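For reference, the structure is listed below as structure tokens.
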Amino acid sequence: MDSLINKEREKGIVLSSKILLARNFSNLPFPNKLNYIKGRDNGKKIYNVLKNEIIDEELTLYEIWNTKEEFGKQYLEKDLNREETISIMINEKDHVRIQYISDGLNLEEAFEKATSIDDKIEKNFDYAFDERLGYLTTSPEHIGTGMKASVIIHLPALTMSEEIKNISKNLSKMGMSIKGVYLEGTNVYGNLYRITNKISLGLTEEDIISKLKKAVFSIIAEENKFREILLSKCRYELDDKVYRAYGILKCAILLDSKETIDLLSNIRLGAELSLIDIDKSKLDKLLILTSNSSLQNHLGRYLDDKEIKYERAKLVKEILKWRKDRRFEAYGI
């Protein structure tokens, strides 16, 4: 099993794993019933406990209510950012939501890290827990273990073949869901999907992780099968798709967010198939930094629509630091 995990990590099909633990306190109403003053007081108490308990981690408190809306959105868009692996949301939908994000398919590590933080909080607060139902949460999906396990996975071949619809049906039967990370209405773009458990009640944390991993390995096998079909039947078209994306990102003066994500997905597919030599970690970084909110926060100022497109294209060039690629030489370019 470890060799399989290492193999899929190298290909980069699974970008990240995340464990979310939802917890509430027995002596307080749920956050949607909590008044403003008690909510702020609760937040400060939890932060002070965490600061004292988690001495080996650098913690920063972001008070979203005191942040401009566009800048504040960045802190809610952390699923792909593995540089900031831990986030603890206070008084969002639950009193505490602990999130830990790990590279690749590594749910066990994410669970271990999230649980260690959970134990430290529980030492100081009394959780709302029922012997029959488990942890009590605002969402019925979280009741039980209070855990949501998920992975973000890159599935361009299954998307192009429209097999993603069958994948979704099969996962639903297994108590899991698959949703696009980036959506325009109901349409998915960027070929990135989040696979997660829908059921927590009646299962252990280990059961949830095991079932999710089994499903992910099955989906990786299907994705690889359809990639082989693309390579054998549509090789020129596939090369063209990858290098058109390469050329646009290399030369564009203005880039909008959706176009950038689609182009990065095409280049990632080329990198995963060894068609182009690009550092995938840079592609991952750009997925985070090129969103409107992250880009403005990165530059520390508000940008109008045209400035955002210009600065996005500029940032792409800076991070990727384009150089001549071996594949261009193969084509005599």
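The values are calculated or read from the model by the stated rules, or taken from the named source; none is laboratory data. Since we're looking at a predicted model, the values are computed, not measured. Quick reminder, even Gly has a Cβ in these numbers, built from the backbone with ideal geometry, and neighbours come from all protein chains shown. Side chains are part of the model used for accessible areas, which takes the heavy atoms of the whole protein and leaves out ligands, DNA and RNA. Shrake-Rupley method; radii C 1.70, N 1.55, O 1.52, S 1.80 Å.
Miscellaneous remarks
- Distances between placed amide hydrogens fall under 5 Å for residue 16 paired with 104, 152, all partners being 5 or more residues away or on another chain.
- Within the accessible surface of the range 75-228, defined with a 1.4 Å probe on protein heavy atoms only, the carbon and sulfur portion equals 49 percent.
- Of all lysines in the structure, those lying under 30 Å Cα to Cα from residue 44, and not within fewer than 8 positions of it along the same chain, are 18, 33, 68, 73, 78, 93, 113, 120, 123, 148.
- With all protein chains in place and ligands, DNA and RNA left out, the 1.4 Å accessible area ranks 97, 194, 301 as 301, 194, 97, largest first.
- Judged by the mean number of other Cβ atoms found within 10 Å, the most tightly packed of the peptides 231-238, 215-222 leads the ranking 215-222, 231-238.
- Remark: the range 22-34, residue by residue, has Karplus-estimated 3J(HN,Hα) of 9, 9, 10, 9, 5, 9, 10, x, 4, x, 5, 10, 8 Hz, where x stands for each Gly or Pro and the curve is 6.51 cos²θ - 1.76 cosθ + 1.60 at θ = phi - 60°.
- Summarising the amide proton neighbourhood of residue 144: residues at separation of 5 or more, or on other chains, whose placed amide H is nearer than 5 Å comprise 135.
- Using the Stokes-Einstein relation with a Kirkwood hydrodynamic radius computed over Cα pairs, the translational diffusion coefficient of the range 200-268 at 4 °C and a viscosity of 1.567 mPa s comes to 86 µm²/s.
- J(HN,Hα) series, the range 108-118, from Karplus relation 6.51 cos²θ - 1.76 cosθ + 1.60, nearest Hz, glycine and proline x: 5, 5, 4, 5, 4, 5, 5, 5, 5, 5, 4
- The solvent-accessible area of residue 174, taken with every protein chain present and a 1.4 Å probe, is close to 80 Å².
- Pair-distance profile P(r), taking every C-alpha pair of the range 101-234, with 5 angstrom steps and integer %: 2, 9, 17, 19, 18, 13, 9, 6, 4, 2, 1, 0, 0
- P(r) for the range 133-205, from all Cα pairs and a bin width of 10 Å, is 19, 43, 26, 11, 0 %, short bins first.
- For residue 176, distant residues with modelled amide H under 5 Å away: 198
- Pairs with C-alpha atoms separated by more than 21 Å, drawn from the list 179/306; 241/280; 169/214, are 179/306.
- The range 151-306 - charge dipole about Cα centre, Lys and Arg +1 at Cβ, Asp and Glu -1, debye rounded to 20: 240
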